[in-house]
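To start, the structure under review is shown below, and the notes come after it.
The values are calculated or read from the model by the stated rules, or taken from the named source; none is laboratory data. As the structure is a computational prediction, the values presented were derived from the model and not from experiment. Ideal geometry is used to build each Cβ from the backbone, glycine not excepted, and the neighbour counts take in all protein chains shown. Just so you know, the surface numbers come from the protein's heavy atoms only, side chains and all, with ligands and any DNA or RNA stripped out. Shrake-Rupley method; radii C 1.70, N 1.55, O 1.52, S 1.80 Å.
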Amino acid sequence: MDVQVPFVDLRSQHEPLMPQLLEAFRQVTEASAFAGGPFVARFEAEFAAFCRTRFALGVGSGTDALWLSLLALGVGPGDEVITTPNSFMATAEAISLCGARPVFVDVDERTYTMDPAQLEAAITLRTQAIIPVHIFGQMADLDPILAIGRRYGTPVVEDACQAHGAEYKGRRAGSLGVAGCFSFYPGKNLGAFGEAGGVITDESELRTKIQMLRDHGQAAKFVHAAIGWNARMDGIQAAVLSLKLARLESANAARRTHARLYHELLEDVPGIIRPVEAPHNLHVYHIYAIRVQNRDAVLQRMSARGVNCGVHYPVPIHLQKAYSFLGLKAGSFPVAERCAKEFLSLPMYPELRPDQIETVVQTLKESLQA
Ligand SMILES: *Cc1c(COP(=O)(O)O)cnc(C)c1O
């Protein structure tokens, strides 16, 4: 069967922007500002203003954002960094790339974000940072996490790669920890034309370190004060991101409207668990994930009926082969493991139409039965 509702539809996002996108491409070409440069500087200023922080730094990807933030904080071999197992692999990878060891804390069963009640028990003398992940577009319960961080002198780095514009008690995602890390991968709420990422911070020392690290450790041209990497943002990505940043709030509002309709239509559907928005949060629904038994069969049946869904993520990080050396067996993090079996991500993107949402829900109802 033809696809009735795709999981995401980037074409429908870009088509109305075509004249502005071509103009951005022309401007970057005329300025020959390809790697770093004025378009990146402009986007950094705009994104810092949007997040209400002093600084924003464009980097090559969300993975770079996490990795360079940890490096700039001095995380290295022998250290531990605490995060959650139900994230994209990159969160743990960034820790490992510093030479440190990821230590996992299970998540809250309602919000799927780090359970603050289990955080303190994971802290050791080696803990050098805590990375709560604002999974699916909802921020973790940061007040108790930040309080524990303060008590142990441990910096909190926010993985806001799925939460551009989300809020916690009126403050923007990424702006509460010492650093906030963003991915601008095309499918994220704010997406570039390829790979890109960003770090926001209020601390000028951290900003200077990340500026150096993203550019081969250069303090000035050909003066290499540290061993860094090539993690600069492209000019074309920055120009596209400036264009799309101006539309992010309305795009997030559209996602929230779609989530509300899903929520109403799914109210009477037995056997599913809908997402919960904590009262202090503004959820930006990067992913609209429900929970259902026999997830793989339901997913299959929906796809056969022309509705494409996703799974984020089918295997928690601690059970991935790459992390088998940690020796964490099934049962280590029961909530994350149960959720990984049950999560089903329904189609979600700003351009989704109400009739498509009704189709998704009708198809889900049929697929739950057989
Ligand atoms: C996308 C994502 C990343 C990695 O970002 P990239 O730009 O793909 O490197 C990290 N953490 C989370 C939670 C993500 O969703």
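Here Ala140 fits the description: assigned to a loop (DSSP other than H, G, I, E, B) and either under 18 Å from the mean Cα position of the chain (by Cα) or crowded, with 24+ Cβ neighbours inside 10 Å (or both).
Within the stretch 43-67, residues that are touching a residue at least 40 places away in the same chain (Cβ under 8 Å) sit with their Cβ atoms under 8 Å from residues that are assigned to a strand (DSSP E or B) and open to solvent by 20 Å² or more (accessible area, probe 1.4 Å), at 6+ positions apart or across chains, in these pairs: Glu44/Phe55; Ala48/Phe55; Arg52/Arg171; Gly58/Arg232; Val59/Arg232; Gly60/Asn230; Gly60/Arg232.
Set side by side, the residues Gly170, Gly187 differ, and just one is surrounded by fewer than 22 Cβ atoms within 10 Å (Cβ to Cβ), more than 15 Å from the ligand (Cβ to nearest atom) and either within 22 Å of Glu249 (Cα to Cα) or modelled with pLDDT under 95 (or both), which is Gly170.
Assess whether Leu70 counts as being assigned to a helix (DSSP H, G or I) and more than 21 Å from Ala251 (Cα to Cα). Before the answer, list the steps.
Numbers: assigned to a helix (DSSP H, G or I): yes; more than 21 Å from Ala251 (Cα to Cα): yes.
In short, yes.
Restricted to the stretch 190-205, and to residues there that are open to solvent by 10 Å² or more (accessible area, probe 1.4 Å) and over 14 Å from the mean Cα position of the chain (by Cα), the residue that is nearest to the ligand (Cβ to nearest atom) is Gly194. Residue pairs whose Cβ atoms lie under 8 Å apart, sitting 6 or more positions apart in sequence or on different chains, and linking a residue in the stretch 101-126 that is part of a helix (DSSP H, G or I) and surrounded by 21 or more Cβ atoms within 10 Å (Cβ to Cβ) to a partner that is modelled with pLDDT under 95 and of a type outside the set (A, V, I, L, M), do not occur here. Can you pull out every residue in the stretch 340-370 that is of a type in the set (A, V, I, L, M, F, W, C), assigned to a helix (DSSP H, G or I) and buried (at least 22 other Cβ atoms within 10 Å of the Cβ)? If the condition is that a residue be of a type in the set (A, V, I, L, M, F, W, C), assigned to a helix (DSSP H, G or I) and buried (at least 22 other Cβ atoms within 10 Å of the Cβ), then Ile357, Val360, Leu364 are the ones that fit.
Please tell me if Leu243 is crowded, with 19+ Cβ neighbours inside 10 Å and aliphatic (A, V, I, L, M).
no
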